[in-house]
Amino acid sequence: MKCFSVLLAAVLALSMIAAAQTKGDLVGVWRLVSATSTRPNGERVPLYGNNPSGQLTYTREGRMSVVLVDGARKPLSTQDRQSAPAAERAEAFSNFNAYAGRYTFQGDRVIHHVEIALFQNWVHTDQVRFATLKGDRLTLRTGPVPLRGEQRVQELVWERVK
């Protein structure tokens, strides 16, 4: 009987955790806490520098947007971004990401249905993120994705903005 009680308690606890992760739980504005990528050899490296910055928004209507930036990002040498030197524009592109669209939530996955993006290759794609929500902390993890010539898993940790 004691084993059954322990098993029942474990099942109830797991179902409460699963129930706490719903689309509605994601709604709001989130601030980026950390961003890392894991190399095939297991090494974890910063994804947007040592002090990344970002904001993620999920709406009740099923819309999302995200902006990610390297915290040490340098300003361009001119106020006219179109006439900045090509090397500066390339660096600005490489340490910034932004996209928006619809989202759906399925089990432990949030799927971003990208409609507009800095990285044009993502437009009209689904970006799948494995989501873990613990209180006001949201962790989004990718499966292996190409980055700097190798397949890496990316992990972004967010904190709810109050």
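The values are calculated or read from the model by the stated rules, or taken from the named source; none is laboratory data. Being a predicted model, the structure only gives us computed values, none of them experimental. Quick reminder, even Gly has a Cβ in these numbers, built from the backbone with ideal geometry, and neighbours come from all protein chains shown.
May I ask you to list the residues in the range 92-121 that are of a type in the set (Phe, Trp, Tyr), under 23 Å from ASP25 (Cβ atoms) and modelled with pLDDT under 95? Can you show your working first?
First, pick out the residues of the range 92-121 that are of a type in the set (Phe, Trp, Tyr): 93, 96, 99, 103, 105, 119.
Then keep just the ones that are under 23 Å from ASP25 (Cβ atoms); that gives 99, 103, 105.
The answer is PHE105, and nothing else.
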Within the range 54-69, can one find any residue that is within 25 Å of LYS162 (Cα to Cα), touching a Gly at 6+ places or on another chain (Cβ under 9 Å) and among the acidic types (Asp, Glu)? no
What residue, among those in the range 103-162 that are among the acidic types (Asp, Glu) and farther than 21 Å from ARG60 by Cβ, is surrounded by the most Cβ atoms within 10 Å (Cβ to Cβ)? GLU155
Going through (1) assigned to a helix (DSSP H, G or I); (2) within 25 Å of GLY28 (Cα to Cα); (3) not charged (D, E, K, R) one by one, GLN55 fails only at (1)
Residues of the range 63-84 being in a loop (DSSP other than H, G, I, E, B) and in contact with a Ser or Thr (Cβ under 7 Å, 6 or more places away or on another chain), which ones? GLY71, ALA84
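Taking the criterion of being touching a residue at least 60 places away in the same chain (Cβ under 8 Å) and closer than 18 Å to GLN55 by Cα, would at least one residue in the range 111-125 satisfy it?
In the first step, residues of the range 111-125 are kept if they are touching a residue at least 60 places away in the same chain (Cβ under 8 Å); the result is none.
No, that holds for no residue.
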When you go through (1) under 14 Å from the mean Cα position of the chain (by Cα); (2) on the phi > 0 side of the Ramachandran plot one by one for LEU133, which number turns out not to apply? (2)
